[in-house]
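> First the structure, which I've put down as structure tokens, then a few questions once you've had a look.
The values are calculated or read from the model by the stated rules, or taken from the named source; none is laboratory data. Since the structure is predicted, the reported quantities are computational estimates derived from the model, not experimental observations. Reconstructed Cβ throughout: ideal geometry from the backbone, glycine too, with neighbour counts over all protein chains shown. The protein model used for the area step is the full one, side chains on, heavy atoms only, and it has no ligands, DNA or RNA in it. Shrake-Rupley method; radii C 1.70, N 1.55, O 1.52, S 1.80 Å.
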Amino acid sequence: MKSQIWLAFGTLALLLASALADVVVVLTEENFDKEVGQDRGALVEFYAPWCGHCKKLAPEYEKLGASFKKAKSVLIGKLFLLRWIVMNIRAYAANMVFKATQLFSGLLKALWNLKRPRTAEALAEYVNSEGGTNVKLATLPSNVAVLNADNFDEIVLDETKDVLVEFYAPWCGHCKNLAPTYEKVATAFNSEEGVVVANLDADKYRDLAEKYGISGFPTLKFFPKANKAGENYEGGRDLDDFVTFINEKCGTSRDAKGQLTSKAGILSSLDAIVKEFVAASADEKKSVFSKIEEEVEKFTGSTMRYGKIYLKAAKSCLEKGADYPKKEIERLQRILDKSISPAKADEFTLKKNILSTFASS
């Protein structure tokens, strides 16, 4: 087996944007010599966050990294291109001839590899061939709901769900480019029971595509709870564009990583009463608390859930004093800074957000 496997993409490198630290080893000046060039082969991808080619390759390289994660004889890693350049420049002073030769060799191989396919399958074939391994590609789980003729109406026309549907064709280049971003959108809203991010192979299910007027790929349509005829999605195709759209249309408060924002759980109808509660004297607070109870009784659905958190926060303020919100927020933040489940993170973020209205009013 060869001691090293180097693959540089693009003119110098093919660049990778998404963070794949869980399946791809992130290389730095500090760990490079330890990880690369030891007893195992190393496929190193040089990247920069701003490159469009990186984004296109990201899901393929992630799939490769996941597949070879347990392969002890091969390392799948990535190194920020600018850091790599700095590392080489610093090394020239110590051994310029060796490093210059190594850099020139890397450039030649980069040009040679321009013609290599950019798929996980092709990369896996290369690594197996060069590294003497026989690793099969892993199938990564997806959070995108896959639609077909049998389940389309059940999922899309469900009046309890807001559904975003991508009508795509497997051979469509634009669809392939959108795929990694669309997967991130589905992942970001995976915890929202009332939101579904789905896709349909419109080339295979042409009757459904024609029914909804699909004439090009990819076409995105949004099917809100109140309009199951669907409406065209005309927004941008970046992750933040989709996240903003879904939050505005569905009343959710998620960021691109799927975490609740500071706006989650906040009910504007309670703002004035909470301010009155905070400003009230100890004797007056009980009376204002009753107003909060009366307002919460009017809520339904998710707002009822948030209203109950408001009530609990107000009751704790009555029992534990004016300093309670600040101290509890600090406690919750310490928990959030630890590794906890997404469900618990949502629960504590909602409490923290609502408590902040009592601390800052």
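> Skipping prolines and chain starts, which residues have an amide H placed within reach, meaning under 5 Å, of the one on Leu75, given they are 5 or more residues away or on another chain?
The list, which skips near neighbours in sequence, is Gly41, Ala42, Leu43.
> Nearest 0.05, what FRET efficiency do Thr119 and Glu29 give at R0 = 45 Å with Cβ-Cβ as r? Intermediate results must be reported in sequence, preceding the final value.
On the way: r = 31 Å, r/R0 = 0.68.
Calculated value: 0.90.
> Can you send over the solvent-accessible area of Tyr205, 1.4 Å probe, protein chains only, in Å² to the nearest 10?
60 Å²
> Would you please give the residues with an amide H less than 5 Å from that of Ala145, counting only those at least 5 places away or on a separate chain, with H modeled from the backbone geometry?
Val197, Ala198, Asn199
> What net charge do the residues around Ala272 carry, taking every other residue with its C-beta under 14 Å from that of Ala272, with Lys and Arg at +1 and Asp and Glu at -1?
Here the count lands on -2.
> Compute the Rg/Rh shape ratio of segment 273-361: radius of gyration over Kirkwood radius, all on alpha-carbon atoms.
The Rg/Rh ratio comes out at 0.99.
> Hey, what's the per residue convex hull volume over the C-alpha atoms of segment 167-300, in cubic angstrom?
Numbers: hull volume 16.9 nm³, N = 134.
Considering the Cα atoms of segment 167-300, their hull volume per residue is 126 Å³.
> Anything over 28 Å Cα to Cα? Flag those among Lys257/Lys351; Lys176/Lys211; Lys78/Lys352, in the order listed.
Cα-Cα > 28 Å for Lys78/Lys352; rest within.
> Same structure, new question: Residue by residue through segment 133-139, what is 3J(HN,Hα) from phi via Karplus (6.51 cos²θ - 1.76 cosθ + 1.60, θ = phi - 60°)? Round to whole Hz and write x for glycine and proline.
Residue by residue, segment 133-139 yields 9, 9, 8, 9, 5, 7, 9 Hz.
> Could you look at segment 145-250 and say what percent of its accessible area is carbon and sulfur, using a 1.4 Å probe and all protein chains?
That share works out to 45 percent.
> Still on this structure: Apply the Karplus curve 6.51 cos²θ - 1.76 cosθ + 1.60, θ = phi - 60°, to the phi angles in segment 228-233 and return the couplings in whole Hz, x for Gly and Pro.
7, 6, x, 9, 5, 8
> Just reorder Arg254, Arg331, Arg40 by solvent-accessible area, largest first, 1.4 Å probe, all chains present.
Details: Arg254 10, Arg331 100, Arg40 65 Å².
Of Arg254, Arg331, Arg40, the descending order of accessible area is Arg331, Arg40, Arg254.
> Using θ = phi - 60° and the Karplus form 6.51 cos²θ - 1.76 cosθ + 1.60, what ³J(HN,Hα) does each residue of segment 271-287 get, whole Hz, x for Gly and Pro?
Result, ordered by residue: 4, 5, 5, 5, 4, 5, 5, 5, 7, 5, 6, 4, 6, 7, 4, 4, 5 Hz.
> Express in Å², to the nearest 10, the accessible area of Asp203 obtained by rolling a 1.4 Å probe over the protein heavy atoms while all chains stay in place.
Roll a 1.4 Å probe over it and Asp203 shows about 50 Å².
> Going by amide H atoms built from the backbone, whose H comes under 5 Å of the H on Arg254, apart from near neighbours?
Those qualifying (amide H under 5 Å, at least 5 residues apart or on another chain) are Thr261.
> Here's a follow-up. PRE reach from Ala149 (point 7 Å along Cα→Cβ): which of segment 166-207 fall under 14 Å by backbone N?
Answer for segment 166-207: 201-207.
> Counting only protein heavy atoms and a 1.4 Å probe, tell me what percentage of segment 268-360's accessible area is made up of carbon and sulfur.
Within segment 268-360, the accessible surface is 50 percent carbon and sulfur.
> Alpha carbon centre of segment 218-235 versus segment 318-333: separation in Å?
Each part's Cα centre sits 43 Å from the other's.
> So for Ser73, Ser142, what's the accessible-area order with a 1.4 Å probe, most first?
Working: Ser73 40, Ser142 70 Å².
Ranked from most to least accessible, the order is Ser142, Ser73.
> Follow-up. Quick one: accessible area per residue over segment 268-360, 1.4 Å probe, rounded to a whole number of Å²?
61 Å²
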